[in-house]
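S.K.: Structure below; questions to follow.
The values are calculated or read from the model by the stated rules, or taken from the named source; none is laboratory data. All values reported here derive from a predicted model rather than from experimental measurement. Cβ atoms come from the backbone with ideal geometry, glycine included; neighbour counts cover every protein chain shown. Surface areas here come from the heavy atoms of the whole protein model, side chains and all, with no ligands, DNA or RNA. Shrake-Rupley method; radii C 1.70, N 1.55, O 1.52, S 1.80 Å.
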Amino acid sequence: MRVVRARNAGACYGVQRALDMALAAVEGGGAASTLGPLIHNPQVVADLAARGVRAVEHVEDVHAGSIVIRSHGVTPAVRRAVASRGLPVVDATCPHVARAQKAAAQLGERLGRVVVVGEAGHPEVEGLVACAREAGAEVFVAACPADLPACLREPVGVVVQTTQTRAALDAVEAALRARGVNPEVKNTICSATSQRQEAAAELAGEVDAIVVVGGRNSSNTTRLADICAASCPRTYHIESPDEVDPAWFAGCESVGVTAGASTPEAHIAAVVARLEAL
Ligand code: F3S
């Protein structure tokens, strides 16, 4: 069976940067706390904990060491709470997320109404919503056109969670235009996401089965799995090589491998090795 890796897969610039910054903070024996798991990957989070980077739920849980802001970013209120602790702060907010937050605030201030295309409750989306709200806007979160409230009217700005698909953004924009609402759209999908999505879609159309590696709680990995499943029914989302079931590949001549932006290279390599050994 031929094992083919997607052209673009695995840890993105923002995740790698956050990992490097958190580890640098504990170099030489220091302690650091991340507000929530640093990335949506349980194996990496466990490894970080062993090295002194622990995940906490609330700012109030941190009493010593550095406070690390994750690549997803935080709301302005959490940022203020972090600053008020008087501890060293390591801001690992991905620059793409920071750009999306700025766009949300600017649209919010100028237009007074913002739609955030994304997954309600996701930490990045909460940050975008809060930035637009602090700028005085009425904010709506829509993962798809069905989530748009009937009362929505112009003027309205649209920003997107960095890990959303272009198709989701286009669908929401088209639905608004169909209602006669012309939105001002800032496409804040990050290039790492779109490159991984395009490479996954291309590969899914060429292979008999495809394995998507990454945390089940990772929104960008789940989205890659959805994209693959749309053209390759034998799509399997796994977190570790042990989950690979040889029965999945009966009669397959080729299997693709892709991975979300929160999946480290070592995990992808381990899955590739496991598949090659079959
Ligand atoms: Fe940043 Fe994009 Fe990764 S927003 S964290 S580079 S998926």
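S.K.: Please name which of Ile268, Thr75, Thr258 has its Cα lying farthest along the dipole of the chain towards the positive end, using unit charges on Cβ (Lys, Arg +1; Asp, Glu -1) and the Cα centre as origin.
M.R.: Towards the positive end, the residue furthest out is Thr75.
S.K.: Restricting everything to alpha-carbon atoms, can you work out Rg to Rh for region 88-154 with a Kirkwood hydrodynamic radius?
M.R.: 1.01
S.K.: Full-extension gain between Glu27 and Arg80, please, as 0.36 nm times their residue separation minus the C-alpha to C-alpha distance.
M.R.: Here the answer is 16.5 nm.
S.K.: Return the distance in nm (one decimal) between the two label points of a simple spin-label model at Arg177 and Glu253, each offset 7 Å from Cα along Cα→Cβ.
M.R.: The modelled label-to-label distance comes out at 4.1 nm.
S.K.: Here's a follow-up. Accessible area per residue, 1.4 Å probe, Å², for the chain: what's the number?
M.R.: Value for the chain: 43 Å² per residue.
S.K.: Right, here's the next one. Rounded to the nearest 0.05, what FRET efficiency do Ala64 and Gln43 give with R0 = 30 Å and r taken as the Cβ-Cβ distance? Could you check?
M.R.: The computed FRET efficiency comes out at 0.70.
S.K.: Taking the Cα centre of the chain as origin, work out the dipole magnitude from +1 charges on Lys and Arg Cβ and -1 charges on Asp and Glu Cβ, in debye rounded to 20.
M.R.: Charge dipole of the chain: 680 debye, to the nearest 20.
S.K.: With unit charges on the beta carbon (Lys/Arg positive, Asp/Glu negative), name the residue among Leu128, Ala50, Ser66 whose Cα is farthest towards the positive pole of the charge dipole of the chain.
M.R.: Highest projection toward the positive end goes to Leu128.
S.K.: How would you rank 171-180, 125-134, highest first, on the average number of other Cβ atoms within 10 Å across their residues?
M.R.: The packing order, highest mean first, is 125-134, 171-180.
S.K.: Can you give the % of DSSP beta bridges in the chain that are antiparallel, to the nearest 5?
M.R.: Counting only bridges with both partners in the chain, antiparallel ones make up about 0 percent.
S.K.: Provide the FRET efficiency to the nearest 0.05 for the Arg110-Arg51 pair, computing r from the beta carbons and using R0 = 41 Å.
M.R.: It comes out at approximately 0.40.
S.K.: Counting only helical runs of four or more DSSP H residues, what would the 222 nm mean residue ellipticity of the chain come to if each run contributes -39,500 (n - 2.57) and the total is spread over all its residues?
M.R.: -13000 deg cm²/dmol
S.K.: On the full set of protein chains, 1.4 Å probe, figure out the accessible area of Ser231 and give it in Å² to the nearest 10.
M.R.: 60
S.K.: Further question: Is the C-alpha gyration tensor of the chain telling us rounded, prolate or oblate? Criteria: a/c under 1.5 is rounded; beyond that, a/b larger than b/c is prolate, otherwise oblate.
M.R.: oblate
S.K.: Return an integer: the convex hull volume of the alpha-carbon atoms of region 138-278, in Å³ per residue.
M.R.: So the per-residue hull volume is 113 Å³.
S.K.: Working from the alpha-carbon coordinates of region 48-207, get Rg over Rh, Rh being the Kirkwood radius.
M.R.: Value, to two decimals: 1.04.
S.K.: How big is the charge dipole of region 58-134 about its Cα centre, in debye rounded to the nearest 20, if each Lys and Arg gets +1 on its Cβ and each Asp and Glu gets -1 on its Cβ?
M.R.: With Lys and Arg at +1 and Asp and Glu at -1, about 280 debye.
S.K.: Take region 47-132, compute every pairwise Cα distance, and split them into 5 Å bins from 0; I just need the percent in each bin.
M.R.: 3, 14, 22, 23, 17, 11, 7, 3, 1, 0
S.K.: Now, a different point. To the nearest 0.05, what FRET efficiency results for Asp170 and Ala269 with a Förster distance of 30 Å applied to their C-beta separation?
M.R.: Plugging the Cβ-Cβ distance into 1/(1 + (r/R0)^6) gives 0.30.
S.K.: Over region 1-105, how many percent of alpha carbon pairs lie in each 10 Å bin up to the one with the longest distance?
M.R.: 15, 45, 28, 9, 3, 1
S.K.: Could you work out what % of the accessible surface of the chain is carbon and sulfur, using a 1.4 angstrom probe and leaving DNA, RNA and ligands out of the count?
M.R.: Answer for the chain: carbon and sulfur cover 52 percent of the accessible area.
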